[in-house]
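Bear in mind that the values in this text are calculations on the coordinates, not laboratory data. All of these numbers come straight from a predicted model, not from anything done at the bench. Every residue, glycine among them, receives a Cβ derived from its backbone with ideal geometry; neighbour counts consider all protein chains shown.
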Amino acid sequence: MLYLDNSATTKVLPDVYNEMCPYISEFYGNPNSKYYEQALKSNEAISVARSRVASFINCKPDEVIFTSGSTESNNFVLKGYCHANKEKGNHIIISSIEHSCIKNTALFLEENGYEVTYLPVNKDGSVSQSVLESAIKENTILVSIMWANNELGTINDIKSLSKLCHDHGVAFHTDATQYAGKGLIDLQDMKDIDFLSLSAHKFYGPKGIGILFIRKDENNFYPKITPLIHGGEQEFGLRSGTLAVHQIVGMGKAAEIAQRDLSRNIELLNQYEKQFKARMKKVFGDKIIFNNDIKNKIPGLISIRIKGYNNQLFLKNASSIISASTGSACSNAKPSYVLKACGYNDEEIRETIRFSLSAYADYNNFLEIE
């Protein structure tokens, strides 16, 4: 079986798994307890993991808030920031191709008195600055635009888009879930990003753990944001609940490896992608059309159409050989609203398959071209 669905989730690396295990079997104490070794070791491990994640995205450790993943992080920032800043306005902006957890949260807010603008995108799935600027109004309080699209892999110019928002006094959030590990994230350089979401399982860490980056101001204060989960005082009082130490440790190790291997992984993924496309062309010839044959995209994500082949039937018939998807795993049962928003017609969408490669897989047998 050849696994080609790494945009949906990745395999946990052996070093990540090995670092997690002691915090399940040996140092299993509650990190918020005191005095005894299991608790102290757990608390220390969380501090190390937080520092590793902070180094990975170049921010302060206390700007890293652990969550259950990007879905929670995205809900947290949209609901929490809008609720806490109602006096500033009730208008938010997202792109029309955001992940379903952003889109459906925006719909929830819309049903509860907020005004939402869904930005149109270019054919490649990118957001233009002029379109964003024309959508900003006096009552706009938050803009959320993904860093890299999860179906086409298109990279948005987040530095310019976030600066534009700050020039208008509007807070900016980006969902960087697909971008992490495939491009550099430097939040000291990108000072106009106020919030950023990540999930560990997209860069070879465990499922069920992620972060929300929340930028502190010049006085070292967090912005006004209402917690999504109320309870104790964990995560600086911003996200309650007993911390999942082993998962946090796993995310920290995965972040450390992703930072270490970034250049190597980008180079490998570009190489694998080139070989993969050649292989598909060899097998299917002129029936193959590449939807994202562009330079400004994350490496290793290939969106293709096989003319005359229904994508669901193709994947079902090939399921004993390859694992791939028609698009986002969170909305795989429906035709892609992402491709629809990019201007693809129903027939083109029904023919589209997403293949996403791993920098840690062995593709030699499959990608070898005779």
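Only one item in [x] 19.1; [y] 22.5; [z] 38.3 matches mean projected area of the Cα convex hull in nm² derived from the coordinates shown, and that item is [x]. One chain, two ends: residue 260 and residue 360. Fully extended at 0.36 nm per residue, the span grows by 34.6 nm beyond their Cα-Cα distance.
The chymotrypsin sites (Phe, Trp or Tyr not before Pro) of segment 194-259 that meet both conditions, a loop assignment by DSSP and at most 16 other Cβ atoms within 10 Å of the site Cβ, are 221.
In the chain, a dipole from Cβ-located charges (positive for Lys and Arg, negative for Asp and Glu) runs towards its positive end, and of 338, 1, 59 it is 1 whose Cα lies farthest in that direction.
Under the simplified labelling scheme, the residue 307-residue 294 pair shows an inter-label distance of 2.2 nm, with each label point 7 Å from Cα along Cα→Cβ. Placing unit charges on each Cβ (+1 for Lys and Arg, -1 for Asp and Glu) gives the chain a dipole about its Cα centre, and among 296, 193, 24 the Cα reaching farthest toward its positive end belongs to 296. Site-free segments of the chain were taken between trypsin sites (Lys or Arg not before Pro) in DSSP loops having at most 11 other Cβ atoms within 10 Å, sites themselves excluded; the longest one is 35-294.
When only alpha carbons are used to place a centre, segment 347-368 and segment 21-95 end up 33 Å from one another. Remind me, relative contact order of the chain in percent, using alpha carbon pairs under 8 angstrom and six or more residues apart? Over the chain, the number comes to 24 percent.
Given +1 at the Cβ of Lys and Arg, -1 at the Cβ of Asp and Glu and no other charges, the dipole of the chain around its Cα centre is 640 debye to the nearest 20.
One decimal place: the segment residue 316-residue 242 gains 22.6 nm when fully extended, by the rule 0.36 nm per residue minus the C-alpha distance. In this rough spin-label picture, where each label sits 7 Å from Cα along the Cβ direction, the residue 44-residue 139 distance is 5.4 nm. On full extension, the segment bounded by residue 160 and residue 28 gains 43.1 nm, given 0.36 nm per residue less the C-alpha separation.
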